[in-house]
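Report on the following structure.
The values are calculated or read from the model by the stated rules, or taken from the named source; none is laboratory data. Predicted model, so just to flag it, every value in this text is computed and none were measured. Every residue, glycine among them, receives a Cβ derived from its backbone with ideal geometry; neighbour counts consider all protein chains shown. For accessibility, only protein heavy atoms count, side chains too; no ligands or nucleic acids. Shrake-Rupley method; radii C 1.70, N 1.55, O 1.52, S 1.80 Å.
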Amino acid sequence: MDDSNSLVARCIAPVTKDFLRPPPPPRNNNDNDDGYHKSRINDKKSKRQQKRERREEQKSATNLCPVVGKTGDVTSCVYKDKCRFSHDIDAFNAQKPPDLQGDCPFFNTQAYCPYGLKLLWKNKITFPKADAKLITLGLKVMSKSKSNHLENKDGANTALNKNNPSHDNASHQLTSDSGSNLEQVIKDDDIDEKFESHVLCPQKRRKTSENEGVSVNDEIVERSCIEAEPEAESVSVATEAGVGVTEEIDDRNCIKADPEEQTDTITTETGVSDAEEIVQGSYIKPEPEAGTDTIPTETGVRVTEESVERSCVKSETDTITPETDLSLKLHPREKKKLIDFKDKLYLAPLTTVGNLPFRRVCKVLGADVTCGEMAMCTNLLQGQASEWALLRRHESEDLFGVQICGAFPDTVARAVELIEQECTIDFIDINMGCPIDIVVNKGAGSALLTKPMRMKSIVEVASGTVDKPITVKVRTAYFEGKNRIDSLICDMSSWGASVVTIHGRSRQQRYSKLADWDYIYQCVKKAPNTLQVVGNGDVLSFVDWNNHRTKAPELATCMIARGALIKPWLFTEIKEQRHWDISSGERLNILKDFVHFGLQHWGSDTKGVETTRRFLLEWLSYTCRYIPVGLLDVVPQRMNWRPPSYYGRDDLETLMASDSAADWVRISEMLLGKVPDGFTFAPKHKSNAYDRAENG
């Protein structure tokens, strides 16, 4: 026992002596002794070389035309000889690897092979909810092209106003030949200025024939969701040139017109009638209804009473009475259907390895809440299919959320609005703790921990844009020893967050050392009752789970991340409150389930098989750290223990304990067949928590 305690003190797993074996010789990083490790520096290729290889691959027989591959008919492709893919079926069958053993995963389900999410994008996408919330919070930033356009327009208006002193400096005047330009301007402005405000504004005095000193040309002002009654009208004036100019109301941000107000169409001596009205950035010619009354005036101008339907109109029954007491208004967080995370087993969003097939495996083993891999907001707004594929949800995931990462409030607001429209989700998690350099250098992830005001803006605008609950994932701080989340957690609920997940490490710490759960307990005690706090870090057994829940009863739940990668049956252990001494055969069955789910998700063709293999290898780079319960002198295993070299209770268990990529490839060949010639693999992530911190 003394030897075991000394090993634990040195963070070495106390494996029973009967199973220990001599350590393997140290591996030389410059030599690929196993044939599967690859050097990223030496194998790095230029973009030109990669492009040339892609073109050569397209011309090869391995890249068969998708249409020909589905139908088996060479004449089925509409591009014929101009198709960039190969149509040689015989050559494709000649180089095709042997079929895998067993039945196709799609044989029973009759499903299709999903190669990615295909989206149809319009030329311009509007984000009315996001823009409205950004303007309300004062975060709306005008683009350079639009600001330059408005400056030019203001300069032209100033010159016109000198000739017409009846207008103020902010008015926009029209000449008889400016109709086409006005239409384009309104169409461009309508995207950014639509739904800007919901505040009642005073109306401008309507112009009549009795008013003197008023020019025929009226102002064209901001057009933002004009709330009028069905019979509310505007005044349209036809000039001598026959161009209809609509008199609008100043500051038209949700102005409600009187129900009895009518449109007066004034026809000049030239006899031009039916003046064009500009409604929401497009010209609409109102047609007078049957039985309309024509009222002659002293100046010989006829006034026609008519009614024009508006596309953004609210009826009398939908009229909203202004609030007299602002304290009666509900906070955006209170309007949402909140999710109770209390004592639920929460699978963390895991980059690369937290894919849909892996989440399905965890659901089978007892996970309650799942979350997709982190997606970048800018990539989502650009319509990248690979990024949208991260948001896909399986029907078995009954409580599912997505995690996004962005550096600016407007980007996050538009992304969450688009996600709510396109995806079926239960909550949206905003990552403010990612330590990866490429994310932090863009100002996202854990870089936001140094900018609390931007954190507030992002959460507020996201919560005010969508109806789904907004959760936040953070770390203790950016720099080690300078914790600051405890000073912000009291305000996160007022920002609009319903749940905050705290990873007990700083950004500088990365994944080294143990998580600081004592600091998480402090934050839980400071959090208001309206904010659920989830702890994250180093949960590898049901004992760890019980200890955290006992020391902090206010803690909603614990998020399980690397513990699920090392032993996905951890969810079963927590629910059954036992240490599961799982056999190598049971572990292999779990890997078989993953392969089956992967072939359903990525496809059962050659590309789908190799994609499944690579994600399986990424996962095996974590599972090799598991030490069977029956081999340990001290139970349970801790996250920071180094596993020594040991023999398993059978050959398969010994193979699964290897940290060599060659052995991982052999396991994949047991499930997916032989790897292609020249196959290499290097894990994207460092699976060992005891590696030195790369960021100092």
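Looking only at helices (runs of 4 or more DSSP H) that lie completely in region 548-640, which have at least 1 residues being in contact with a Cys (Cβ under 7 Å, 6 or more places away or on another chain) and farther than 30 Å from V67 by Cα?
Correct list: 562-566, 570-576.
K473 - would you say it is open to solvent by 20 Å² or more (accessible area, probe 1.4 Å), within 21 Å of Y519 (Cα to Cα) and not in a helix (DSSP H, G or I)?
When the stated conditions are applied, K473 passes them.
So, in region 641-687, of the ones that are of a type in the set (S, T, Y) and part of a helix (DSSP H, G or I), which residue ends up nearest to F594 (Cα to Cα)?
S668
Looking at (1) among the hydrophobic types (A, V, I, L, M, F, W, C); (2) in a helix (DSSP H, G or I); (3) farther than 29 Å from H685 by Cα, which is the one condition that is false for A497?
(2)
Scan region 524-539 and tell me whether some residue there is surrounded by 24 or more Cβ atoms within 10 Å (Cβ to Cβ), among the hydroxyl-bearing types (S, T, Y) and closer than 25 Å to A413 by Cβ.
no
When only residues in region 543-569 that are of a type in the set (S, T, N, Q) and free of Cβ contacts under 8 Å to residues at least 60 places away in the same chain count, which is most open to solvent (accessible area, probe 1.4 Å)? Steps first, answer last, please.
Filtering region 543-569 down to residues of a type in the set (S, T, N, Q) leaves 546-547, 550, 557.
Okay, now just the ones that are also free of Cβ contacts under 8 Å to residues at least 60 places away in the same chain, so 546-547, 550.
Details: N546: 48, N547: 71, T550: 104 Å².
Filtering region 543-569 for residues that are of a type in the set (S, T, N, Q) and free of Cβ contacts under 8 Å to residues at least 60 places away in the same chain, the one most open to solvent (accessible area, probe 1.4 Å) comes out as T550.
Taking L449 as meeting all but one of (1) within 23 Å of T370 (Cα to Cα); (2) touching a Lys or Arg at 6+ places or on another chain (Cβ under 9 Å), write down the number of the exception.
(1)
For region 596-617, what are the residues that are open to solvent by 10 Å² or more (accessible area, probe 1.4 Å) and not polar (S, T, N, Q)?
H596, F597, L599, H601, W602, D605, K607, V609, E610, R614, F615
Quick grid of which residues meet (1) within 33 Å of the chain's Cα centre (by Cα); (2) at pLDDT below 75; (3) hydroxyl-bearing (S, T, Y):
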| position | (1), (2), (3) |
| --- | --- |
| Q58 | yes, yes, no |
| N63 | yes, no, no |
| C83 | no, no, no |
| S86 | no, no, yes |
| Q95 | no, no, no |
| G116 | yes, yes, no |
| K124 | yes, yes, no |
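Considering (1) under 27 Å from A682 (Cβ atoms); (2) surrounded by fewer than 19 Cβ atoms within 10 Å (Cβ to Cβ); (3) outside the structural domain of A682 (by the TED database), say which one K575 fails and leave the rest.
(1)
Is it true that some residue in region 445-463 is in contact with a Phe, Trp or Tyr (Cβ under 9 Å, 6 or more places away or on another chain) and under 28 Å from I574 (Cα atoms)?
no
Pull out all pairs, ordered by first then second residue, where Cβ-Cβ is under 9 Å, the residues are six or more apart or on different chains, the first lies in region 625-651 and is without any contact (Cβ under 8 Å) to a residue 12 or more places away in the chain and on the phi < 0 side of the Ramachandran plot, and the second is open to solvent by less than 40 Å² (accessible area, probe 1.4 Å) and hydroxyl-bearing (S, T, Y).
D651/S584
Contact list please: Cβ distance under 8 Å, first residue in region 474-490 and on the phi < 0 side of the Ramachandran plot, second residue in a helix (DSSP H, G or I) and open to solvent by 50 Å² or more (accessible area, probe 1.4 Å), pairs at least six apart or on different chains.
Note: pairs meeting the criteria are Y478/T450; D486/Q522; D486/K526; I489/K526; C490/K526.
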